Each structure stands twice: as structure tokens, then as C-alpha cells.
Amino acid sequence: MAWTTPRTWVDGELVTAAIVNPHIRDNFNAIGAHQRIRKTATESLTSNTTLQDDDHLLFAVGANEVWAWQAVASVTCDATGGFKFTFTVPAAATGHWNYRTPAAVGSSGGPAFAATTNHTVTLTSQPHDLSGLVVVGATPGNVTFQWAQQASSGTATQVLIDSFLIAHRIA
């Protein structure tokens, strides 16, 4: 559907489906689905190097959809524990993702998502700017941020409250 310039309504006008649909329903469809996810609590891991699903930073995708997304994960960790992260996607989904921190820029995840791919960050207390594209196959599911300590440490590694994820369905 193409975007329709919204009309100006007048007092006393009889609103019918033929009037409303092109200006409201069709415009929402033209914009496409989007999701905004805010991390509502700080999450901590101590002495744990096993990647785990983040409690908040994930979004649902339908079969045969294409989504673009951006996230900012604010992380604190010590140099011993460090931080590693990846993303999981539904079976047969393809795509790519990138990350950037203030001290380093990286192209991560390569040309495709891979279950064994994780990325290590040795910096402490940094925001991580993440973005990507996922092309979903016949299997719907979630795109999920996973993270853990790179090396076991008694000092907690944390993904902080107010980290966020914004996703837009583009096809």
C-alpha cells in the first residue's frame, strides 16, 4: 500500500469506512510494523560464560518477513570477565548484523547469522550500538540478543536498564 496524505476532518462529517480506511488503516500498513523494546531492569551475570537470552531485548518476526533493527546495549563489566554477545534468529532465517562501541568499530556476524558466532569486548562500561537485517524463512519466531561473560569473573557483567531495541518490518 502506498501512503495517502491524511485528510482534514470537519465537524459534523459522517465518517465511513471508505473515508477512514485509506487515511488510517492503509497508512499504518504503508508504514509497516515496528517494535520498540526498552530494557526495564538491569540484568546481571556473575561467574557465567554461557550465552543466555536477554530478558527484554528480543522481538517477534513472522514467516517470510524482512526486518531491519537497531539496538543500544549499555554494558558494565570488568576487564577479567569481559562481555560476549550474539543474536539468535528463527530456523532458516538469513541476514547480517554489525556493532560499534566508542573505542572500536567492528563488522560482526559476518554475512550471515550463525549460532556459534559470538563477539568479545574487553572494554568496560561501554554502550554497544548494534544494527542488522534479518530475512525470515518459513519459520516464525524471535530475534533475540544473547550475552554472557567472556571469562568467568566474580564481578558481575551487566546489561543496564534503558538499553533498547527498535525494529521495523520492511517487507
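The values are calculated or read from the model by the stated rules, or taken from the named source; none is laboratory data. Note that the coordinates shown come from a computational prediction; the quantities given were computed from them, not determined experimentally. Quick reminder, even Gly has a Cβ in these numbers, built from the backbone with ideal geometry, and neighbours come from all protein chains shown.
Worth pointing out:
- Residue list for the stretch 60-95, restricted to those being farther than 16 Å from ALA167 by Cα, outside any strand (DSSP E or B) and not aliphatic (A, V, I, L, M): CYS77, ASP78, THR80, GLY81, GLY82
- Considering residues of the stretch 1-10 that are within 22 Å of HIS168 (Cα to Cα) and polar (S, T, N, Q) only, the residue modelled with the lowest pLDDT: THR4
- Out of THR8, THR4, sole residue that is surrounded by 11 or more Cβ atoms within 10 Å (Cβ to Cβ), more than 21 Å from the chain's Cα centre (by Cα) and assigned to a loop (DSSP other than H, G, I, E, B): THR4
- Criterion violated by ILE161 - all others in (1) surrounded by fewer than 16 Cβ atoms within 10 Å (Cβ to Cβ); (2) aliphatic (A, V, I, L, M); (3) modelled with pLDDT of 90 or more; (4) under 28 Å from ASN64 (Cβ atoms) satisfied: (4)
- Here THR122, THR144 are screened, and the one residue that is on the phi < 0 side of the Ramachandran plot and at pLDDT 85 or above is THR144.
- Candidates in the stretch 11-49 are the residues that are in a helix (DSSP H, G or I) and touching a Ser or Thr at 6+ places or on another chain (Cβ under 9 Å); of these, the one that is modelled with the lowest pLDDT is ALA30.
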